[in-house]
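Here the structure is laid out as structure tokens; the discussion comes afterwards.
The values are calculated or read from the model by the stated rules, or taken from the named source; none is laboratory data. Since the model is a prediction, treat every value here as computed from it, not as a measurement. With ideal geometry, Cβ positions are generated from the backbone for all residues, glycine too; neighbour counts draw on all protein chains shown. Quick note on the areas: whole protein, heavy atoms, side chains included, nothing else; ligands and nucleic acids left out. Shrake-Rupley method; radii C 1.70, N 1.55, O 1.52, S 1.80 Å.
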Amino acid sequence: MSDLRIRPAGPEDLDTVLAFWRTAAEGTSISDDRDGVERLVARDPEALLLAECGGELVGTVIAGFDGWRCHLYRLAVHPDHRRRGIGSALLTAADERFVRLGGRRGDAMVLVRNERAQHAWRAAGYEPQEQWRRWVKPLTG
């Protein structure tokens, strides 16, 4: 896509991103709220990458780096724009970011039931590691 632009999200993009995820992302997260995404962008202004086509938000990915590991979340492409290379372009931008930061391996959170996403991740060179299981604990403050 020649008019595809990938850029980091700014504070002014957060409401648009949250609305976009309700349409384009599979599943929800405890952090899918204004405060959660605002903290992400404030802490790491280059982590939330947006793909725009003609000024319209068509894709996102969170490319977080904690200094040790590279984590990918919220890869989402608008249903009307899928299969056009947007997800691949976002993952390439994330990989480039990780390399610049000294990262060695990216890992992604992918829902087991989301077979479409699993095909996309495999096509991008990722593979599941069946020996690992995600453990979570909601935090209260």
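One table, with the values for the structure above:
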| quantity | calculated |
| --- | --- |
| Share antiparallel - DSSP beta bridges, the chain, percent rounded to 5 | 85 percent |
| Dimensionless Rg ratio for the chain, taking C-alpha atoms and the 2.2 N^0.38 Å reference | 1.01 |
| The chain, helix-only ellipticity at 222 nm - DSSP H runs n ≥ 4, -39,500 (n - 2.57), divided by all residues, nearest 500 | -10000 deg cm²/dmol |
| The chain, accessible surface, carbon-and-sulfur percent (1.4 angstrom probe) | 49 percent |
| Accessible area, probe 1.4 Å, largest first, for residues 43, 84 | 43, 84 |
| For the chain: accessible area per residue (Å², 1.4 Å) | 68 Å² |
| Potential lengthening between residue 118 and residue 136 on full extension [0.36 nm per residue; Cα-Cα distance subtracted] | 4.4 nm |
| Environment charge at residue 88 (Cβ cut-off 13 Å; Lys +1, Arg +1, Asp -1, Glu -1) | +2 |
